[in-house]
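Written below as structure tokens is the structure these notes are about.
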Amino acid sequence: QVQLVESGGGLVQAGGSLRLSCDASGLSFSSWTMGWFRQSPGKEREFVGAISRSGSIYYTNSDKGRLAISRDNAKNTVYLQINSLKPADTGVYYCAATGDYYATIRDQWNYWGQGTQVTVSS
């Protein structure tokens, strides 16, 4: 059974930073592209960024200057660092896994975590 468990969310002031973690189990982690999505209040879940099994990284264009995704295959963990946080970053952040090399559409992702809440205060 595949499990993705996010952690690291919380309440942060604008301008601060957070590092989210996603621990994966039940899959051959190094063979999967891992990604992050965000669902802000009243909005659709949207792609944030991803790291492929080969380590290629891609982000949504609007945020890529403030984001850093990394993975540790020895720990079966993927990370999302968000810097210069803004209130617009508030939402639930979901970790996901896909067998595709490149995927930004929600339906392309095979497994999902339960999400971790990030709230940015102004």
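Sequentially through the stretch 77-93, phi angles give Karplus couplings (6.51, -1.76, 1.60; θ = phi - 60°) of 9, 10, 10, 10, 9, 10, 10, 6, 4, 10, x, 5, 7, 4, x, 9, 9 Hz, Gly and Pro residues having no value and appearing as x. Taking SER52, SER70 and ordering them by how much accessible surface each has at a 1.4 Å probe, largest first, produces SER70, SER52. For the listed peptides 38-47, 102-111, a ranking on the average number of other beta carbons within 10 Å per residue, highest first, reads 102-111, 38-47.
Taking 15 Å as the straight-line reach from the Cα of LYS43, the aspartates and glutamates in range (excluding those fewer than 8 positions away in the same chain) are ASP89. Radius of gyration over Kirkwood radius for the chain, both on Cα atoms: the Rg/Rh ratio is 0.94.
GNM on the chain, C-alpha springs below 10 Å: top fluctuator among GLY15, GLY99, GLY49? Maximum among the listed residues: GLY15. Over all pairs of different C-alpha atoms, the stretch 74-122 has a mean inverse distance whose reciprocal, the Kirkwood radius, equals 12.8 Å.
Our note on the geometry: Cα centres of the stretch 52-122 and the stretch 2-27, 9 Å apart. Taking every alpha-carbon pair under 8 Å whose residues sit at least 6 apart, the stretch 67-113 reaches a relative contact order of 26 percent. Ligands, DNA and RNA left out, the 1.4 Å accessible surface of the stretch 1-78 is 43% carbon and sulfur atoms. Take 90-98, 1-9 and order them by the average number of nearby Cβ atoms within 10 Å per residue, most first; the result is 90-98, 1-9.
For LYS75, which lysines qualify as cross-link partners when the Cα separation must be under 28 Å and same-chain residues fewer than eight apart are set aside? By straight Cα distance, LYS75 reaches LYS64. Over the chain, Cα pairs under 8 Å with separation of 6+ residues give a relative contact order of 36 percent.
The values are calculated or read from the model by the stated rules, or taken from the named source; none is laboratory data. Model, not experiment: these values are computed from the prediction. Backbone-built Cβ (ideal geometry, glycine too); neighbour counts: all protein chains shown. Just the protein is used for accessible areas: all its heavy atoms, side chains included, with ligands, DNA and RNA removed. Shrake-Rupley method; radii C 1.70, N 1.55, O 1.52, S 1.80 Å.
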